[in-house]
Amino acid sequence: MSFGVQSFSDTELMAAGRMHRRADIYRAAAILQDAGIRNISFDLIAGLPHQTTASWRESLEELGRLSPQHVSVYLLEVDEGSRLGRELLAGGVRYSAAAVPSDDQMADFYETACMFLGAAGYHHYEISNWAKPGFESRHNLKYWRRTAYLGFGAGAHSFSETERWANAHDAAVYVGAVQAGRLPVEQLEPVTRKSALEEELFLGLRQLDGIDVRHIEREYGVALGTRLQALESAGLLERHGDVVRLAPGKVSISNEVFVELMR
């Protein structure tokens, strides 16, 4: 069971337009635990309007008290077309735009989460995900390892390693296609060899275990030495034999590392 907790601060939850409050989190967690569910995941967002170092620390500590088996921490991403996004671009103050933490503050929140969750016994196995031993998300690992999967139902996505496709989002259109004996596919995208390689690198390095460079070079017929060496020399990547991973302390700037790697 995965909870979109986001924050334990009612002020931050209200500013983000969330319907639940801190008390609801405790109430729902108790119901699930009483029902015998022993695999619970909490999501937190670093960078919500009005979030401070103190309130972020408090959210982490309250999460620690409830001790879910899995934790995801995401940095705030604002859609430019949303009310908050337009206000931020305009330099306005409505919708709590003036209270959104800076990028540096968000990076500090993330680093605080890394230290707190590590000390609490969670294994940091993917950039945004931590788990107690044995509770890593097998579902999400399929995506990160580019394993084929099938999605059923309106709006579901699938991947065959050579193609990606999405079903019609409109339920009536989906049902109509199935009843007519047609595949309800709305979008179909071939996966080129170039894009597959980029995904291997991007998704692989999101995992803290890193990537097997020799395997990728053999699979795609490429030489990555020069690209990787430059990033290693800059202290952004570290290498142990054939395995390359993000350097300690560089996870919070992973997007910059990925951009350089794809050049």
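Please treat every number below as a calculation from the coordinates, not as lab data. Note that the coordinates shown come from a computational prediction; the quantities given were computed from them, not determined experimentally. Here Cβ is always computed from backbone atoms with ideal geometry, including for glycine, and neighbour counts include all displayed protein chains.
Side notes on the structure shown:
- For the pair segment 4-28 and segment 230-263, the centres of their Cα atoms are 35 angstrom apart.
- Among His50, His20, His215: highest mean-square fluctuation, GNM of the chain, C-alpha pairs under 10 Å: His215
- Computed over the chain, relative contact order equals 12 percent, with contacts defined as Cα pairs under 8 Å that lie 6+ residues apart.
- Gaussian network model of the chain, Cα within-10 Å springs - most flexible of Arg21, Arg38, Arg239: Arg38
- Here the peptides 228-238, 39-49, 8-18 are ranked by packing, the mean other Cβ count within 10 Å, and the order with the highest first is 39-49, 8-18, 228-238.
- As computed over segment 127-263, the Cα convex hull volume per residue (Å³): 140 Å³
- Whole-Hz couplings from phi, Karplus 6.51/-1.76/1.60, listed for segment 104-121; x for Gly and Pro: 5, 5, 4, 4, 5, 4, 4, 5, 4, 4, 4, 5, 5, 5, x, 5, 8, x
- Most mobile listed residue (Ala120, Ala90, Ala29) in the chain, GNM with C-alpha springs under 10 Å: Ala90
- With N the number of residues in the chain, Rg(Cα) / (2.2 N^0.38 Å) evaluates to 1.14.
- By the rule of a C-alpha distance below 23 Å, with chain neighbours fewer than 8 residues away ignored, the lysines paired with Lys132 are Lys142, Lys250.
- Cβ-Cβ FRET estimate between Arg227 and Arg83, R0 fixed at 35 Å, reported to 0.05: 0.30
- Part-to-part distance (alpha-carbon centres) for segment 57-107 and segment 153-204, which is given in Å: 31 Å
- For Gln69, the amide hydrogen comes within under 5 Å of the amide hydrogens of Ile40, counting only partners 5 or more places away or on other chains and with H modelled in the peptide plane.
- Extension gain, Gln179 to Ile37: 0.36 nm times the residue separation minus the Cα-Cα distance gives 47.4 nm.
- Computed over segment 114-187, the P(r) curve from all C-alpha pair distances, binned at 5 Å from the origin, holds 3, 14, 18, 13, 12, 11, 10, 8, 6, 3, 1, 0 percent per bin.
- Cα-based reach from Lys194 at 19 Å (exclusive), listing aspartates and glutamates while leaving out same-chain residues under 8 positions away: Glu161, Glu163, Asp212, Glu217, Glu219, Glu260
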